[in-house]
Amino acid sequence: MKNIAVIGAGTMGNGIAHIFAQSGFKVNLIDVSKQALENAITTIGKNLDRLISKNKITADDKSKTLSNINTFATIANGVKEVDLVVEAATENLKLKLSIFKEVDAACAEHTILATNTSSISITQIAATTSRPDKVIGMHFMNPVPIMKLVEIIRGYNTSDEVTSRIMEISKTLGKVPVEVNDYPGFVANRILMPMLNESIETLYNQVAGVYEIDTVMKLGMAHPMGPLQLADFIGLDVCLSILNVMYDGFKNSKYAPCPLLVNMVNAGKLGIKSGEGFYDYSESRKSEKIASQFL
């Protein structure tokens, strides 16, 4: 399994392409946007430069990593001769179902299809394909090159063989894979998102301000980042989407998104990606400073 396709060249997609390429895999990075592909290669190059500056890799390692990545504008051309496809598109069920249907029709019979979804049902995605036994979740954490965890999510029909192979390939990337079952939010977001939502509720109810809430959690609970800053980093729209998936899946009010979160997303205040969330990132240096803590 040495030929990989990654669908989606955004934050998660370029990070996934980076770690596969750096580990010696040939990677086809696919996105309909030429600009997104160009930005992804630039981002990967900058992240590799950081590793060089820290003496973790050499300039030759960087060159080899970038040479392992080819870009494609269409799924059909990008998945023809690969052994594994990792979809990392926007957290949108309709989009993911459409992608998997197209991928299933275009790639080889032996190809394993993985999704980087952080909350959507693997079983539901697999049902759109002719190979539900070869569909699995690979939920990487952001930023992908740094974070060690990968949630490996088994759908209802995912085979033992496919699960074992994906666990092993995750280890070759230097990651720590953890096998979990297919329920809304899996483990990471089932626990994390209610905490972030409760933090937003605490702000909404005027118990304390943004700085105060984050300071309590950082200094009192030893969290490396406050929950409101973390929500900004994840993307408030992503947080809302995950909470909605869990609320719809469990029909439990404890997963209902806070009205403040809903209003902020509707207003386009999405966190770092939009320049404003619970914090103001209007100055590029501010945004860069926060992001650099994790790169």
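The values are calculated or read from the model by the stated rules, or taken from the named source; none is laboratory data. Note that the structure is predicted; figures quoted are calculated from it, not measured. So basically every Cβ, Gly included, is an ideal-geometry build from the backbone, and we count neighbours across all protein chains shown.
Before moving on, here are some points about what is shown:
- Test: LYS254 is outside the structural domain of SER121 (by TED's automatic domain parsing), touching a residue at least 24 places away in the same chain (Cβ under 8 Å) and farther than 22 Å from THR11 by Cβ: yes
- Scope the stretch 5-31; condition assigned to a loop (DSSP other than H, G, I, E, B) and within 18 Å of the chain's Cα centre (by Cα); matching residues: GLY8, ALA9, GLY10, ASP31
- Counted residues, the stretch 169-188 - those being surrounded by fewer than 16 Cβ atoms within 10 Å (Cβ to Cβ), within 19 Å of PRO145 (Cβ to Cβ) and of a type outside the set (Gly, Ala, Ser): 3
- Every pair of residues 6+ apart whose Cβ atoms lie under 9 Å, when the first sits in the stretch 181-193 and is farther than 15 Å from ASN116 by Cα while the second is surrounded by fewer than 18 Cβ atoms within 10 Å (Cβ to Cβ) and of a type in the set (Ser, Thr, Tyr): ARG190/TYR183
- The set of residues in the stretch 58-105 being out of contact with any Cys (no Cβ under 7 Å at 6 or more places or on another chain), farther than 20 Å from GLU38 by Cα and surrounded by 18 or more Cβ atoms within 10 Å (Cβ to Cβ) consists of ASP83, LEU84, GLU91, LYS96, ILE99, PHE100, VAL103, ASP104.
- Positions within the stretch 220-251 being of a type in the set (A, V, I, L, M, F, W, C) and without any contact (Cβ under 8 Å) to a residue 60 or more places away in the chain, in sequence order: MET221, ALA222, LEU228, LEU230, ALA231, LEU236, CYS239, LEU240, LEU243
- Within the stretch 140-166, the set of residues being within 18 Å of the chain's Cα centre (by Cα), aliphatic (A, V, I, L, M) and surrounded by 16 or more Cβ atoms within 10 Å (Cβ to Cβ) comprises MET141, VAL144, VAL150, ILE152, ILE153, ILE166.
- Residue pairs whose Cβ atoms lie under 9 Å apart, separated by 6 or more positions or on different chains, with the first residue in the stretch 149-178 and on the phi > 0 side of the Ramachandran plot and the second modelled with pLDDT of 95 or more and part of a loop (DSSP other than H, G, I, E, B), are GLY174/SER23; GLY174/LYS148.
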